[in-house]
Structure formats: C-alpha cells, structure tokens
Amino acid sequence: MKNIKKTVQTIALAAVAFSFIGNAMAAEDFSQLPQRKQTTLGLYMDSTQAYDYVMNNMDNTLFVDIRTPSEVNYLGATTVMDKLVPWVFMDSSGWNAAKHRYNRKTNDNFLADIEAALKKKGLTKNDTVILICRSGDRSAAAVNLLAENGYTNAYTIVHGYEGDKASEGSNKGKRVVNGWKNSGMPWTYTLDGDLMYLTE
C-alpha cells in the first residue's frame, strides 16, 4: 500500500513539473512587446494566462473590459468580466482622417469608476486588476494611469480581445493572430446589464 501511495505521489509530482515546464516553454516573451503595449509596472498576461488566473483567483481579482460600449455591444465580451469601464468613447462629432475612424473622447471618470468597481468587490489598489481592450494598446495606457495613482498589481492582456492584425497572407490587416477570441477563450454576445457602463 505504501508503495502504491508513493508511486501515485511521484506521478502527480511529475505531472505538475511537466505542466510547469510546458507552460514555461510556451510562454510568450513579453520583453519583446512593442513600446505602445509596455507598461511601467511590467505586468503582462496573454489571454490564456488571464483566464486561468481569474478562474483560480476570482474573489481577489478585478477583471475590467475597457473597450467602448459599442465595441462590447457588437463584438461580445469575455465571460469573466467584472465590469465594463471604457477608457475612451467614440466621439461622432468629429472624424480622424489619418486613422479612418471617429474621434475618441477620454473617459474623465475612468479612475473613479475603477475605484468604485474595486470597492464593490471588496478589493484594494494592491489587489490584482486585469485590463482588456481590443488589442492591448489602450489597456497598457490605462495600466500606466492606474500605476500613477497607487495601483501596484495591474496587468494588461497584451493582445486584447480581438488580437493583432496579420502582417501577411490572405488575412493581412485582419485581427486573426491572437487575442481572447482567437485563443479560444470563452466569450459571449449575451451581455449582463449589471456589468455594462451606463452614462447619466
């Protein structure tokens, strides 16, 4: 009986070690991120890491989608989001010809909204905050603002919800490379109104 227990323990330890090594080998080298996706805190996750982390630390983590309400409305959202707090809004009163899109307007209440979401969950600025945007640029900028305001454990999901654009091939210019949706992480078009962002 002792030998069987010892064998089971050895197999279990070997499985854990193999899993750890496999994950380490598969981990992305975040030191190679473009400047626009880097943060002052240097804390990064890809979609799989973020999902696994949230599932194992749900009560101690605030997961915030910082895309615009329109993006979430038409493209869906992750199934683990705690709150939608837009970093910017689309401003239909002006057009950005260089970027071929509507102008963006900063959400002046961003910090207050994040703090309210933290408080509602019983968390502090030292707890883990994970931000996701479309492709990782806005979330990096938002993490930097949080860091400037006392947050110590804020992560950006480096490829965001839709991922990066393909640089070649038949899908060149389309967001099919990585990101939450392209990684097979759970998402839905059925949104929870209590988690959405409403303006007065």
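What follows draws every value from the coordinates through simple rules; no lab data is involved. This is a predicted model, so every value here is computed, not measured. All Cβ positions, glycine included, derive from the backbone under ideal geometry; neighbour counts span all protein chains shown.
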What are the trypsin sites (Lys or Arg not before Pro) within the range 72-127 that DSSP puts in a loop, where the Cβ has at most 13 other Cβ atoms within 10 Å?
LYS99
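Between beta-carbons, use under 10 Å as the cut-off and find the net charge around ASN60, counting Lys and Arg +1, Asp and Glu -1. Walk me through the numbers before you get to the answer.
Details: positive: LYS121; negative: ASP59, ASP127.
Neighbour charge sum, excluding ASN60 itself: -1.
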Simple spin-label estimate for ALA116/TRP95, 7 Å along Cα→Cβ, in nm, reads 3.4
List the trypsin sites (Lys or Arg not before Pro) within the range 136-178 that fall in a DSSP loop (any state other than H, G, I, E or B) and whose Cβ has at most 13 other Cβ atoms within 10 Å.
LYS165, LYS174
Percent relative contact order of the range 66-150, based on C-alpha pairs within less than 8 angstrom and at least six residues apart?
27
Pairs of lysines in the range 51-145 (C-alpha under 29 Å apart; 8 or more residues apart or interchain):
10
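Given the chain, what percent of its DSSP beta bridges are antiparallel, to the nearest 5? All intermediate terms of the calculation are to be shown ahead of the outcome.
Details: 8 of 21 bridges.
Antiparallel bridges make up about 40 percent of those DSSP assigns within the chain.
How much FRET efficiency would the formula 1/(1 + (r/R0)^6) give for SER31 and SER170, where r is the Cβ-Cβ distance and R0 is 30 Å, rounded to 0.05? If you can, show how the numbers build up before the last one.
Working: r = 31 Å, r/R0 = 1.03.
Rounded to the nearest 0.05, the efficiency is 0.45.
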Could you work out the relative contact order of the range 29-195, using alpha carbon pairs under 8 angstrom and six or more residues apart, expressed as a whole percent?
29
Where in the chain are the DSSP H helices whose C-alpha atoms run 15 Å or more along the long axis and whose mean Kyte hydropathy is at least -0.5?
2-26, 110-121, 137-148
Compute the whole-percent fraction of alpha carbon pairs in the range 29-195 spaced more than 23 Å apart.
36
Report, ordered by chain and residue number, the aspartates and glutamates lying within cross-link reach of LYS37, taken as a straight Cα distance under 18 Å and ignoring same-chain residues fewer than 8 apart.
GLU28, ASP29, ASP46, ASP65, ASP137, GLU148, GLU162, ASP164
